[in-house]
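Report on the structure given below.
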Amino acid sequence: MSDLNDPRVFFAAERTLLAWTRTSLTLMAFGFVIERFGLFLHMFMALEGKQWQRDTSFWVGIAFILLGAILGFVSVIQYRRVLRTLKPVEIPAGYWINVGMYTNLLLGIFGVAITFYFFYGLP
């Protein structure tokens, strides 16, 4: 990737990974809020005697949550590709290079898990 032999190249890649982590988490949180808005509508409609069913807020919320989870997984793949191009001198000795990657994997797994919960855990 570079011939700089400078650890700043690695840290730039890690900052990019962490930016994708924030983006993934934000999309998933936004999706959760949208999905829960459907619950608010359910409570409101129950007061009026109407029947509630899964509607647009559910599907849009699920789409955002899954988009965030997919971004978490894709960012790990991209980060690993960048790491393979770096020379050992560009990575500080003793630095845990996989912490950000594991965080994104865990975030993606949580996104998939909450999606399953919304599909199968709700009445």
Check on L67, in contact (Cβ under 8 Å) with a residue 12 or more places away in the chain, surrounded by 15 or more Cβ atoms within 10 Å (Cβ to Cβ) and within 15 Å of P7 (Cα to Cα):
no
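Results for (1) modelled with pLDDT under 95; (2) not in a helix (DSSP H, G or I), shown as yes or no for each residue.
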| residue | (1), (2) |
| --- | --- |
| I34 | yes, no |
| G49 | yes, yes |
| W52 | yes, yes |
| F64 | no, no |
Going residue by residue through the range 90-105, is there one that turns out to be assigned to a loop (DSSP other than H, G, I, E, B), in contact with a Leu (Cβ under 7 Å, 6 or more places away or on another chain), surrounded by 11 or more Cβ atoms within 10 Å (Cβ to Cβ) and at pLDDT below 95?
yes
Looking at the structure I just gave you, is P88 in contact with a Pro (Cβ under 9 Å, 6 or more places away or on another chain) and more than 29 Å from D55 (Cα to Cα)?
no
Could you grab me the full set of residues in the range 54-101 that are under 13 Å from the mean Cα position of the chain (by Cα) and farther than 16 Å from V112 by Cβ?
G100, M101
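The values are calculated or read from the model by the stated rules, or taken from the named source; none is laboratory data. These numbers were taken from a predicted model, which means no experiment stands behind them. All Cβ positions, glycine included, derive from the backbone under ideal geometry; neighbour counts span all protein chains shown.
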